[in-house]
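Working notes, beginning with the structure itself.
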Amino acid sequence: MVAARLPPAAYPTYHTAFIDGDPHFIIEVPSRNDIICFNINEKPGVILNLVRDPATGVTVNGQIIGNKKAAGKAETSNTYFGKFGIIHKPLGMKIEVTPEVIAVHSGETKTVFPWMETASLQHESLKLVITKETSLSVTFGDGATIVILLHRVWKKHPLHQDFLGLYTLDERRFSTQTHGLLGQFFHDLDFEVYDIHPGSDPGKSDATMIVKGNKLTVTRGKQIDYRTDLKHGTFVPCWFIHNNGKGLINGVSSDYVVSTLFDTM
């Protein structure tokens, strides 16, 4: 990967939910001074709705990619986000983000930005800032900011390929109607953990969690946060929710599958 750090102005000051890695969903809960995490295990090519705010008209979807297929080797289960679609319905704007380019669609006009350059674009209340080979930030007027991190891997790596991570800043500026795999956690989340005991996995503890009226068995684990170290990341402890976040997310993970990158459901 490229050794790089987010510029100081782009560091998240407060957020509760983000995605990065294989795809790991990480939910910070400041009121509990703790973190909840879960995975969504879907096949490469599947597109998931991450944020949908009917009040602001902002929607964010992400497409999953997998490892490269190595000749003579069984396909592994590692998956990542390789493409994001951001829709701002009131402005009629769509932004497609891949590890290759950032494409901005406004009506019939399409503007393409390479990651190899630092650039910015202002369109009415929407502002884009591209930091060379590092990140894209999209700010919605006086509202929230979405930051997409670019992860580069060695081009000749037999399995891994470039992928993207998504973080939010000031996400409480989204309305309370916001939903999606991430959006549903932009506002208050309460939970209780008790009966912490050694788990079946050596070195990890299991516990019982009460959240959204559900009683779940959870495991204390670690996930990687790339906010301050884009190359290596930092391990953060979290309570891992099994079975695709069942009992934590509203409904089941398949409810969030959409047909296209710019699907507003």
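The values are calculated or read from the model by the stated rules, or taken from the named source; none is laboratory data. A quick note: this is a predicted structure, and the numbers were derived from the prediction, not measured. Every residue, glycine as well, gets a Cβ built from its backbone with ideal geometry; the counts of neighbours run over all protein chains shown. These area figures cover heavy atoms from the full protein model, side chains too; ligands, DNA and RNA do not enter into them. Shrake-Rupley method; radii C 1.70, N 1.55, O 1.52, S 1.80 Å.
Consider S175 carefully, then state whether it is part of a strand (DSSP E or B) and among the hydroxyl-bearing types (S, T, Y).
Values: part of a strand (DSSP E or B): no; among the hydroxyl-bearing types (S, T, Y): yes.
Spelling it out, it is not the case that S175 is part of a strand (DSSP E or B) and among the hydroxyl-bearing types (S, T, Y).
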Run G72 past the list (1) at pLDDT below 90; (2) of a type outside the set (D, E, K, R); (3) surrounded by 17 or more Cβ atoms within 10 Å (Cβ to Cβ) and report the number of the one that doesn't hold. (3)
Residues that are open to solvent by less than 30 Å² (accessible area, probe 1.4 Å) and part of a loop (DSSP other than H, G, I, E, B), drawn from region 216-238: Y226, L230, G233
So, first residue closer than 19 Å to V236 by Cα and open to solvent by less than 40 Å² (accessible area, probe 1.4 Å) in region 37-49, second residue part of a loop (DSSP other than H, G, I, E, B) and at pLDDT below 95, Cβ within less than 9 Å, six or more apart or across chains; the pairs are N39/D22; N39/P23; I40/P23
Of the listed residues (T109, T118), the one being of a type in the set (S, T, Y), open to solvent by 10 Å² or more (accessible area, probe 1.4 Å) and under 23 Å from the mean Cα position of the chain (by Cα) is T118
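Here's the yes/no breakdown for (1) aromatic (F, W, Y); (2) under 17 Å from the mean Cα position of the chain (by Cα); (3) within 26 Å of T134 (Cα to Cα):
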residue: Q177; (1), (2), (3): no, no, no
residue: G180; (1), (2), (3): no, yes, yes
residue: L248; (1), (2), (3): no, yes, no
residue: G251; (1), (2), (3): no, no, no
residue: V258; (1), (2), (3): no, yes, no
Determine, yes or no, whether D162 is among the acidic types (D, E) and surrounded by fewer than 16 Cβ atoms within 10 Å (Cβ to Cβ). no
Consider region 245-262. How many of its residues are open to solvent by less than 40 Å² (accessible area, probe 1.4 Å) and either touching a residue at least 60 places away in the same chain (Cβ under 8 Å) or among the acidic types (D, E) (or both)? 7
Region 17-44, residues that are touching a strand residue (DSSP E or B) at 6+ places or on another chain (Cβ under 7 Å), small (G, A, S) and more than 18 Å from G180 (Cβ to Cβ): G21
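Would you point out the residue of region 130-147, among those that are of a type in the set (A, V, I, L, M, F, W, C) and either closer than 20 Å to T264 by Cβ or open to solvent by 50 Å² or more (accessible area, probe 1.4 Å) (or both), that is modelled with the highest pLDDT? Steps first, please.
Step one: of region 130-147, the residues of a type in the set (A, V, I, L, M, F, W, C) are 130, 136, 138, 140, 144, 146-147.
The next check asks that each one be either closer than 20 Å to T264 by Cβ or open to solvent by 50 Å² or more (accessible area, probe 1.4 Å) (or both); those that pass are 138, 140, 144, 146.
On the way: V138: 96, F140: 90, A144: 87, I146: 93.
Out of the qualifying residues, it is V138.
This table checks each residue for (1) more than 23 Å from H151 (Cβ to Cβ); (2) of a type in the set (K, R); (3) out of contact with any Phe, Trp or Tyr (no Cβ under 7 Å at 6 or more places or on another chain).
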position: C37; (1), (2), (3): no, no, no
position: N78; (1), (2), (3): no, no, yes
position: G82; (1), (2), (3): no, no, no
position: E108; (1), (2), (3): yes, no, yes
position: T111; (1), (2), (3): yes, no, yes
position: E117; (1), (2), (3): no, no, yes
position: E124; (1), (2), (3): yes, no, yes
position: V129; (1), (2), (3): no, no, yes
Pairs with Cβ under 7 Å, 6+ apart, first in region 95-118 and without any contact (Cβ under 8 Å) to a residue 40 or more places away in the chain and closer than 12 Å to K132 by Cβ, second open to solvent by less than 50 Å² (accessible area, probe 1.4 Å) and among the acidic types (D, E): W115/E133; M116/E133
